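Structure first, then comments.
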Amino acid sequence: MTLPPVIVLGVDTPIGLAVVRELGDHGVEVHGIGRNRRGLGLYSRRLHKGYLRPDDPARLLEQIDGIARRSGAPFLMTVSMNDAIAVREAADAGRLPRVKPLLPALEKLALVNDKAAVCRMAERLGIRVPTTWEPDAAILEGELPDDLGFPCILKWRDPELVAPALERLGLPMLKSEFVYTARELRAALARYAPAGRFPMIQTYCAGGGLGHMFLMKDGEALLRFQHRRLHEWPPEGGTSTLCESVGLDENGALLAQSEALLREIGWDGPAMVEYRHDDRSGRSWLMEINGRFWGSLPLAYHSGAPFALGTYYALGLDRPLPPQPPYKAGRQCRYMVPEAKRLAAVAVRRRPIPDRSLSFSRSREAAAFLTGFVRPGMRYYVFKLRDPLPFLTDSAFIVGRAVGALFRRLAPGRAEGAAMPVRKGLS
């Protein structure tokens, strides 16, 4: 069967690169759009043609329409949640007439992006969630909740919604923030008072990251995959930098609850249900749902769980995915640049790690980092022997940026940095 082309918006990151590689591996002609010339997926041998994204949203829609007209691509896939929402809105308004976005309905995207609403729904299904408070300005001077304990975590209910207000005030978008005393809590909340919005306060949940990944269609899970996070950057919780695939024979009851939660939402497409899991107690707490391709998608790709291809078949072709062998459990995958940052943070310790329950052995961490290079079956977010150019190009950009920074320190105003390679055929 000849497979129709697809446009992928957001090929800049390892997530987008994994989407390009997986679709290309199976004979799908991929047209990728990246924000700038550093986009990893723009240099993959599996990419048919790459494009640089215009800054103006209206011109982006024109670009997508033009690519669809020239290539005959009937489908559009996105990587980021912001792009998913914008594309879904545009398609619903009739501004993308030539392509079908492979995305859930707009109200479903909004629902999974609302952490508080997801937690309420999860509680009804018997899934543990952190105790959560949604403060207002009165908490800055008034009494704190009686059952609030420390440490606690600050998280935004809907990060995409609050991001523009924080940017206008020059405030960083923190995925999570640890606070250990009432004074620290009030100081952290006061920082956001000018925005008129406050993050949720959640109880601290011990343990490591556990992710349940599904491809849903009409209430059925077409693909299932799970992994545990072994390392994160920053170390107290964030981007997965070393993760490992886990067989479906583990955590069976929780997997069923995760699937039931997505079914209750009415989700169609790929999603990750993310938990904090404590091995000592065996308990898990829901953190969030990523209603998109998640950060550790390269692990699923290298393990043989084809979520990008499955999405293409299920939401695009509306056909069942060809039979796939079971994915490889016990496979590990590393995101090298943030993994190196993590090693530096836990070994050098120039700043305290906010999660004070964490402790690290410098020698063991360094040894594990080095032996990972010779570990059988280790895979990487970016490096792939049969598709080396994304890694080589990214390395060149990193070196060029470091050289440019050095020259700017030595000769301010004179150095522009090193020239970088550009993929042939980039439009």
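Key figures for this structure:
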| quantity | calculated |
| --- | --- |
| For the range 1-95, alpha-carbon Rg over 2.2 N^0.38 Å | 1.00 |
| H277, H48, reordered so the largest accessible area comes first (probe 1.4 Å) | H48, H277 |
| Computed over the range 183-248, Kirkwood Rh from alpha-carbon pairs, angstrom | 15.2 Å |
| Considering only the chain, percent of DSSP beta bridges that pair antiparallel, nearest 5 | 75 percent |
| Carbon/sulfur fraction of accessible area - the chain, other protein chains in place, 1.4 Å, % | 53 percent |
| Accessible solvent surface per residue of the range 364-416, calculated while the other protein chains remain in place, 1.4 angstrom probe, Å² | 71 Å² |
| Cβ charges +1 (Lys, Arg) and -1 (Asp, Glu), total dipole of the chain, debye | 1900 debye |
| Quarter of the Cα convex hull surface for the range 157-196, i.e. its orientation-mean projected area (nm²) | 2.9 nm² |
| Computed accessible area, V399, all protein chains, 1.4 angstrom probe, square angstrom | 90 Å² |
| Evaluated at q = 0.10, 0.12, 0.20 Å⁻¹: base-10 log I(q)/I(0), Debye formula over Cα of the range 175-318 | -0.41, -0.57, -1.21 |
| Mean Cβ neighbour count within 10 Å, used as a protection proxy, ranking 220-226, 287-293 highest first | 287-293, 220-226 |
| Probe 1.4 Å, all protein chains present, accessible-area order of D387, D394, largest first | D394, D387 |
| Shape parameters for the chain, alpha-carbon atoms, Rg then Dmax in Å | 22.1, 66 |
| Heavy atoms of K108: accessible area, 1.4 Å probe, square angstrom to 10 | 60 Å² |
| Residue-normalised accessible area of the range 1-127, expressed per residue, 1.4 Å probe, Å² | 41 Å² |
| Accessible solvent surface per residue of the range 205-273, calculated while the other protein chains remain in place, 1.4 angstrom probe, Å² | 32 Å² |
| The chain: calculated mean residue ellipticity at 222 nm from DSSP helix runs of at least 4, using -39500 (n - 2.57) | -10500 deg cm²/dmol |
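The values are calculated or read from the model by the stated rules, or taken from the named source; none is laboratory data. Predicted model only: the values in this text are computed from it and were never measured. Please note: Cβ atoms are built from the backbone with ideal geometry, for glycine as well, and neighbour counts cover all protein chains shown. Surface areas here come from the heavy atoms of the whole protein model, side chains and all, with no ligands, DNA or RNA. Shrake-Rupley method; radii C 1.70, N 1.55, O 1.52, S 1.80 Å.
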